[in-house]
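Colleague: Got a structure for you, questions after.
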Amino acid sequence: DVKVTQSSRYLVKRTGEKVFLECVQDMDHENMFWYRQDPGLGLRLIYFSYDVKMKEKGDIPEGYSVSREKKERFSLILESASTNQTSMYLCASSSFDASPTEAFFGQGTRLTVV
Amino acid sequence: KNQVEQSPQSLIILEGKNCTLQCNYTVSPFSNLRWYKQDTGRGPVSLTIMTFSENTKSNGRYTATLDADTKQSSLHITASQLSDSASYICVVSGYNFNKFYFGSGTKLNVKP
């Protein structure tokens, strides 16, 4: 069974803290994604990576960075957390070769910045 | 501009009733369309996938349709159950395998 695992279900952090969200997939997928999900706005792409050490900005990269040192792991970093980054964060992965494509999601991390 | 629009934004129905959710898209070129179910506080899980040549596909009580000419899809839920209460998200893929286009979802509440 395919699995995408996010390190935390719930996180509470203080304004200005550096925050790490970790995501691991066991499907040997090339592509990995970080989204945030807010009510009424749907999923918005923050960053994605199509290979180790490769990253591309998504639609809303400001205030975030990412790291992909190993194929199975994709980390989202909030350099200095702010209250407007309170959100649900979803990690996903997909195979470059699969047809049709499918995004497999982790269980989500509910981040609250106080 | 590649967009996915879903309607209604939210829906309340009584247990046992049927309902239909709508998805319109402008993504081009089109590869496939998936409907995902997202339970509260969880990640989305794929329900059905429709490729260009498919018109209808069923998965238990869920039936998805696709009209590639009008770029419309629907998800019909038959004999709803309390466990169907969730958000349903329409996701369209083009031929760029790095890109998925998401609708903002329909929040379904099934009441006893």
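Colleague: Scanning region A:72-84 for residues that are more than 17 Å from A:K57 (Cα to Cα) and polar (S, T, N, Q), which turns out nearest to the other protein chains (Cβ to nearest Cβ)?
Modeller: A:N84
Colleague: A further question follows. Surrounded by fewer than 20 Cβ atoms within 10 Å (Cβ to Cβ) and of a type in the set (S, T, Y) - does that describe any residue in region A:35-49?
Modeller: For region A:35-49, residues surrounded by fewer than 20 Cβ atoms within 10 Å (Cβ to Cβ) and of a type in the set (S, T, Y): absent.
Colleague: Ok, one more. So in region B:12-28, with the set limited to residues that are part of a loop (DSSP other than H, G, I, E, B) and closer than 29 Å to A:S93 by Cβ, which one is nearest to the other protein chains (Cβ to nearest Cβ)?
Modeller: Among them, the one singled out is B:V27.
Colleague: Sticking with this one: Looking at this structure, is B:S73 among the small types (G, A, S) and within 30 Å of A:Y89 (Cβ to Cβ)?
Modeller: Yes, satisfied.
Colleague: Any residue in region A:81-93 that is of a type in the set (K, R) sitting within a Cβ distance under 9 Å of a residue that is part of a helix (DSSP H, G or I)? List the pairs, counting only those 6 or more apart or interchain.
Modeller: Between residues of region A:81-93 that are of a type in the set (K, R) and residues that are part of a helix (DSSP H, G or I), there is no close pair.
Colleague: If a residue must be under 23 Å from A:Q37 (Cβ atoms) and surrounded by fewer than 17 Cβ atoms within 10 Å (Cβ to Cβ), how many such residues does region B:75-97 contain?
Modeller: 2
Colleague: Right, here's the next one. With among the basic types (K, R), out of contact with any His (no Cβ under 6 Å at 6 or more places or on another chain) and more than 16 Å from A:P100 (Cα to Cα) as the only criterion, which of B:K37, B:K99 stands out?
Modeller: The conditions single out B:K37.
Colleague: For A:L11, state whether it is assigned to a strand (DSSP E or B) and either over 10 Å from the mean Cα position of the chain (by Cα) or more than 14 Å from chain B (Cβ to nearest Cβ) (or both).
Modeller: Yes; evaluated as a whole, the condition is true for this residue.
Colleague: When the residues of region A:23-65 are narrowed to those that are facing chain B (nearest Cβ under 9 Å) and touching a residue at least 60 places away in the same chain (Cβ under 8 Å), which ends up farthest from the chain's Cα centre (by Cα)?
Modeller: Checking each candidate, the answer is A:E30.
Colleague: Here is a further query. May I ask you to say which residue of A:G58, A:G16 is surrounded by fewer than 17 Cβ atoms within 10 Å (Cβ to Cβ) and not basic (K, R)?
Modeller: Exactly one residue qualifies, and that residue is A:G16.
Colleague: Related question: Can you pull out the residues in region A:68-89 that are among the acidic types (D, E) and under 11 Å from the mean Cα position of the chain (by Cα)?
Modeller: If the condition is that a residue be among the acidic types (D, E) and under 11 Å from the mean Cα position of the chain (by Cα), then no residue fits.
Colleague: Right, next: What number of residues within region A:95-109 are facing chain B (nearest Cβ under 7 Å) and over 12 Å from the mean Cα position of the chain (by Cα)? Can you show your working first?
Modeller: Going residue by residue through region A:95-109, those that are facing chain B (nearest Cβ under 7 Å) are A:96, A:100-103, A:105-108.
So of that shortlist, the ones also over 12 Å from the mean Cα position of the chain (by Cα) come out as A:96, A:100-103.
Of the residues in that region, 5 qualify.
Colleague: If I ask for residues that are in contact with a strand residue (DSSP E or B) (Cβ under 8 Å, 6 or more places away or on another chain) and of a type in the set (A, V, I, L, M), which ones from region A:36-58 would you list?
Modeller: Across region A:36-58, the qualifying residues are A:L43, A:L45, A:I46, A:V52, A:M54.
Colleague: If you check A:A98 against the conditions, is it in a loop (DSSP other than H, G, I, E, B), open to solvent by less than 80 Å² (accessible area, probe 1.4 Å) and touching an Asp or Glu at 6+ places or on another chain (Cβ under 6 Å)?
Modeller: Criteria not met by A:A98.
The values are calculated or read from the model by the stated rules, or taken from the named source; none is laboratory data. Just so you know, these numbers come straight off a predicted model, no measurement behind them. Cβ: placed from backbone, ideal geometry, glycine included. Neighbour counts: every protein chain shown. The protein model used for the area step is the full one, side chains on, heavy atoms only, and it has no ligands, DNA or RNA in it. Shrake-Rupley method; radii C 1.70, N 1.55, O 1.52, S 1.80 Å.
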